[in-house]
Amino acid sequence: MSKIEKILKEKILVLDGAMGTMIQQYNFSEEDYRGERFKDFPVSVKGNNDLLSLTQPEAIKEIHRKYLVAGADIIETNTFSATSIAMADYQMEDLAYEMNLESAKLARQVADEFTKAEPDKPRFVAGSMGPTNKTASMSPKVNDPGFRAITFEELKTAYKVQVEGLVDGGADLLLVETVFDTLNAKAALFAIEEVKEEKKVHIPIMVSGTITDASGRTLSGQTAEAFLISVEHIPLLTVGLNCALGAKQLTPYLQVLSDKANFGISAHPNAGLPNAFGEYDETPEIMAAQIKEYLDKNIINIVGGCCGTTPAHIKAIAEVVKDYQPRKFN
């Protein structure tokens, strides 16, 4: 049993907040994204946040530090889109392994700094694995429902490169997150199991789905319970939900998972629903008050923030969490 698996039985752990929200505050230019190494790259790379681990590593480390200062126990690597599939948009497929390796090393370095300073509060690195920009279950062509933009095998191969980079870089656990298509997640989980076997390592896995609207379903049509049934054959550290909805809207779906799952439950909701300008208005105080409901209902083991959340949100959540016992599970 790994250290985090033991600690999860004893306390509620706090996950960090949004990486993208924090990166936006730097107002990086095209030149900043490129750095010296990619100054002559043939296509625009502005907006490729995962690239910043290579070109602006100090900024990424600074973001990690801010979340740890705020009280996070777990920081996520800057690798949400660091697969060859998502990087194809920037013609950077070949950089996938390096991006994951370097991102994990940056997070590891910062987490270790904090653990050394506070040995009684160890900090962990979660390798962030996003859903990619393709879906294996649905057709992107309205007139051709049988068409698929990607195969399971292609997804698995891409995820495997990502997992190898994250593991080699020192991630403590892997977070398959923002799952809108469980078939994509299964490809990620398959890749993880292959790497675990090949490298003879044990690495805990978190899986976090996203309920896309008030229907209570994922984009590919699954309810929270169906999503759980689809992934629970894998020995998971936690199953949970993130993104798309605010903390309040997630509560009933987290309750379903908590009632049915035999492992930990995680949640990292958005700071409310986006406003007309696509921005998130929920203050740290409002969000923490809503997360208190998870704690009062005893349905949570790991909690943090997704879109629109900042270190101030994580600080408020960490303050509330410390007075509560974790949800019990087998």
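Observations
- Within segment 280-292, considering residues that are acidic (Asp, Glu) and outside any helix (DSSP H, G or I), the one nearest to Tyr324 (Cα to Cα): Glu282
- Of the helices (runs of 4 or more DSSP H) contained entirely in segment 25-70, those carrying at least 1 residues that are out of contact with any Gly (no Cβ under 6 Å at 6 or more places or on another chain), loosely packed, with under 14 Cβ neighbours inside 10 Å and among the acidic types (Asp, Glu) fall at 30-34, 57-70.
- Members of segment 109-151 that are of a type outside the set (A, V, I, L, M, F, W, C), in a loop (DSSP other than H, G, I, E, B) and more than 24 Å from the chain's Cα centre (by Cα): Glu118, Pro119, Asp120, Ser139, Pro140, Lys141, Asn143, Asp144, Pro145, Gly146, Arg148
- Members of segment 56-95 that are of a type in the set (D, E, K, R) and either over 25 Å from Gly209 (Cβ atoms) or free of Cβ contacts under 8 Å to residues at least 40 places away in the same chain (or both): Glu58, Lys61, Glu62, Arg65, Lys66, Glu93, Asp94
- Residue selected from segment 1-24 under the condition in contact (Cβ under 8 Å) with a residue 12 or more places away in the chain and assigned to a loop (DSSP other than H, G, I, E, B), by the criterion surrounded by the most Cβ atoms within 10 Å (Cβ to Cβ): Gly17
Per-residue answers, yes or no, for (1) at pLDDT 95 or above; (2) outside any loop (DSSP other than H, G, I, E, B); (3) under 19 Å from the mean Cα position of the chain (by Cα); (4) at negative phi:
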position: Gly278; (1), (2), (3), (4): no, no, no, no
position: Tyr294; (1), (2), (3), (4): yes, yes, no, yes
position: Ala312; (1), (2), (3), (4): yes, yes, yes, yes
position: Glu319; (1), (2), (3), (4): yes, yes, no, yes
position: Tyr324; (1), (2), (3), (4): yes, no, no, yes
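- Annotation: of all residues in segment 71-108 being of a type in the set (Phe, Trp, Tyr) and assigned to a helix (DSSP H, G or I), the one that is farthest from the chain's Cα centre (by Cα) is Tyr90.
Rundown of residues vs (1) surrounded by 21 or more Cβ atoms within 10 Å (Cβ to Cβ); (2) hydroxyl-bearing (Ser, Thr, Tyr); (3) over 17 Å from the mean Cα position of the chain (by Cα), yes/no style:
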position	(1), (2), (3)
Ala226	no, no, yes
His233	no, no, yes
Gly240	yes, no, no
Cys243	yes, no, no
Val256	no, no, yes
His268	yes, no, no
Thr283	no, yes, yes
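- When Ile211, Ile205, Ile192 are screened for being at pLDDT 95 or above and under 20 Å from Gly305 (Cα atoms), only Ile205 passes.
- Qualifying residue in segment 179-198 (condition: at positive phi and either touching a helix residue (DSSP H, G or I) at 6+ places or on another chain (Cβ under 8 Å) or without any contact (Cβ under 8 Å) to a residue 24 or more places away in the chain (or both)): no
- Among the residues of segment 213-228, the ones that are closer than 12 Å to Gln249 by Cα and not polar (S, T, N, Q) come to 3 in all.
The values are calculated or read from the model by the stated rules, or taken from the named source; none is laboratory data. All values derive from a computational prediction rather than experimental measurement. Note that each Cβ is placed from the backbone with ideal geometry, even for glycine, and that neighbours are counted across all protein chains shown.
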